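Written out below as structure tokens is the structure these notes cover.
FYI, it's all coordinate maths here, none of it is from the lab. Everything numeric in this text was worked out from a predicted model, so none of it was measured. Positions of Cβ are backbone-derived with ideal geometry, glycine not excepted, and every protein chain shown enters the neighbour counts.
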Amino acid sequence: MMKASLAVALTLGITLAPLANVQAADAALELKWAQLMPPVEAVKPKPKTFFSGATPGAPGADDGPAPPPLPEGAFMSMKRKQPGGDQPPRVVNAFNGKRVKIGGYVVPLDFEATTIKEFLLVPFIGACIHVPPPPANQIVYVKAEKGFQIAGQFDPVWVTGTLKTETAFTGLADAGYSLDADSVEQRPE
């Protein structure tokens, strides 16, 4: 009797082992926002001599005079400056084509009533709307072909799908990553 149950257990163990591998292969890699930023190469500042002629902290020494104020209402028609916006976004190419799951907040781009089909996924509430946008490698452009319903604009979501290291240019901000969403779910805070 003991031998028979051992044989059944071994058979089941051998049979279930390939199924566990299939489930692990389909599981999405859960990403944190910090993982989307590549490591920064250490840059040593050029040493300055005492007699170099530069006065540290002098007004206009680094960036010139302040820009003139914008006319009322003109700020919406201008492209908003993102940190590092003058260079291609620094992304982690190892995530290209990977199935991932990442949490964040929705900034709607294309929607009908309460169904959202295209949006920016950002790491904090109000990014791109109330404050200047974060760097491009901290914004994910998401397409949800079927669309999804969102209960509240500031509710956090989980997005699962295939991540690409393709830059997306939108009217609000440039995104360093694109994601084809399989699912978008409300997440508890």
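Structural remarks
- Taking Cα centre as origin and charging only the Cβ of basic (Lys, Arg, +1) and acidic (Asp, Glu, -1) residues, the dipole magnitude of the range 100-189 rounds to 120 debye.
- Sites matching chymotrypsin sites (Phe, Trp or Tyr not before Pro) across the range 90-189 that sit in DSSP coil, with at most 12 neighbouring C-beta atoms within 10 Å: 124, 154
- Residue 109 long-range amide H proximity, modeled H, under 5 Å: 118, 119, 120
- Across every pair of non-identical alpha carbons in the range 110-189, the mean reciprocal distance, once inverted, gives a Kirkwood radius of 12.8 Å.
- Karplus-derived 3J(HN,Hα), 6.51/-1.76/1.60, for each residue of the range 135-142, Hz, glycine and proline x: x, 4, 7, 10, 10, 10, 7, 10
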